[in-house]
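Have a look at the structure below before the remarks.
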Amino acid sequence: MYQLSELQKYLKRINAGHLLDVATGEGDFLLFLLESFSSFDSATALDINVENLKIAKNRVGRQKVDFIQGNIRKLPFEDNYFNTITVSNSLHHFDNPVKAIQSMLRVLIPGGLLVINEMVNEHLNPAQQVHFNYHSLKAEIDTEEGGYHRKIYTREELMEIIQESALLPAVTIISEDPPIINSHEKMWQFFRKLDDLVSNASHLPDGLAFEQRAQNIKEMIEANGFQKPPQIGILAYKD
């Protein structure tokens with residue numbers, strides 16, 4: 001679950017109107033949004049992966065949300081429809097993040113709000129470095145399997161994307177650090193997640209190397225715990 005108290009404080013002032021969450025995944029950020037906006041008229045969750053949408057739908061429960069399979073390259077919505085569009089920790093999954101942002105702006109009404117939340121690779125403590133190493137491993141496995149998944153951006157790289165997209169941020173929020181995960185139960189849960197990741201990648205050319213890196217990450221988790229890198233929330237309004 002997301003722990004972004006400063007971003008939540010800002011969102012609690014806002015009626016999201018017709019809300020679109022892009023690249024919903026398994027619904028973590030969507031749940032955060034539904035609990036954070038003061039109100040919304042409708043909510044739509046979009047992801048390219050049908051299995052992710054099924055998981056997100058189960059997690060959301062009875063809250064009214066439309067779940068739609070779709071691609072960021074060609075959003076299946078008419079121009080100037082949504083009042084608010086959100087995307088979290090997904091720009092680094094798009095092979096052209098500038099065009100992805102422009103695609104979102106097409107379906108956002110003039111004056112509508114775009115919320116971008118993204119992890120950044122800067123000034124990491126040892127527990128955050130563990131998360132970065134895990135994410136880098138997953139990104140390389142996804143890429144070797146034929147997908148697009150790059151390492152997370154630095155703040156400078158992220159702001160260059162925002163600038164190239166012709167967005168002018170109204171608010172930029174750097175999240176506080178979430179708690180370090182270091183309980184034995186949580187660590188073992190994550191070890192199993194790592195085991196599943198490399199087991200599913202065993203057929204790849206670098207399968208053995210991935211397995212060794214996963215073992216190194218386990219050792220780092222035992223020594224330092226596990227913590228998400230800093231996250232930057234960028235809120236911009238469409239001209």
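Quick one: Ser136, Ser5, Ser39, Ser88, fewest Cβ neighbours within 10 Å first, how do they rank? Intermediate values should be presented prior to the final figure.
Numbers: Ser136 17, Ser5 12, Ser39 8, Ser88 25.
The fewest-first ordering by Cβ neighbours comes to Ser39, Ser5, Ser136, Ser88.
From the Cα gyration tensor of the range 147-239, with a ≥ b ≥ c the square roots of its eigenvalues, which class applies: rounded if a/c is under 1.5, or else prolate if a/b is larger than b/c, or else oblate? Numbers along the way, then the final one.
Numbers: a/c = 3.36, a/b = 1.72, b/c = 1.96.
Oblate is the answer for the range 147-239, as a/c is 1.5 or above yet b/c matches or exceeds a/b.
Take Val50, Val60, Val87, Val171 and order them by how many other Cβ atoms sit within 10 Å, fewest up front. Mind showing how you got there, number by number?
Numbers: Val50 9, Val60 18, Val87 25, Val171 14.
Fewest to most other Cβ atoms nearby, the residues stand as Val50, Val171, Val60, Val87.
Tell me the angle of helix 50-60 to the major Cα principal axis of the chain, expressed in degrees between 0 and 90 and rounded to the nearest ten.
Helix 50-60 sits at roughly 70 degrees to that axis.
With only Lys, Arg, Asp and Glu charged, each at its Cβ (+1 for the first two, -1 for the last two), find how big the charge dipole of the chain is about the Cα centre; round to the nearest 20 debye. Walk me through the numbers before you get to the answer.
Details: 23 positive and 32 negative charges, 131 e Å.
Roughly 620 debye, rounded to the nearest 20.
For a footprinting-style exposure proxy, rank Asp142, Asp47, Asp239 by other Cβ within 10 Å, fewest first. Write down the numbers at each step before the final one.
Details: Asp142 16, Asp47 25, Asp239 9.
Lowest to highest Cβ neighbour count: Asp239, Asp142, Asp47.
Compute the acute angle (0 to 90°) between the alpha-carbon long axis of helix 126-144 and the principal axis of greatest extent of the alpha-carbon atoms of the chain; round to the nearest 10°.
Taking Cα atoms only, the helix is inclined about 80 degrees.
Take the Cα atoms of the chain, find their three principal axes, and give me the spread along each one in whole Å, biggest first.
50, 39, 34
What is the magnitude of the charge dipole of the range 174-218 about its Cα centre, with +1 placed on the Cβ of each Lys and Arg, -1 on the Cβ of each Asp and Glu, and no other charges, expressed in debye to the nearest 20? Don't skip to the end; give the middle numbers.
Values: 5 positive and 7 negative charges, 24 e Å.
Roughly 120 debye for the range 174-218.
Where does helix 155-164 land angle-wise versus the long Cα axis of the chain, in degrees 0 to 90, nearest 10?
So the helix axis and the longest Cα principal axis differ by about 30 degrees.
So for the range 5-237: antiparallel DSSP bridges make up what percent, rounded to the nearest 5?
Working: 14 of 34 bridges.
If we restrict to bridges inside the range 5-237, about 40 percent are antiparallel.
Taking only Cα atoms and a 10 Å spring cutoff, compute GNM fluctuations for the chain and point out the largest among Gln227, Gln128, Gln215.
Answer for the Gaussian network model of the chain: Gln215.
Which whole-angstrom value gives the distance between the alpha carbon centres of the range 203-239 and the range 1-50?
Going from one Cα centre to the other spans 23 Å.
Every number in this text was worked out from the coordinates using simple rules, so none of it is lab data. These numbers come from a predicted model, not from an experiment. Quick reminder, even Gly has a Cβ in these numbers, built from the backbone with ideal geometry, and neighbours come from all protein chains shown.
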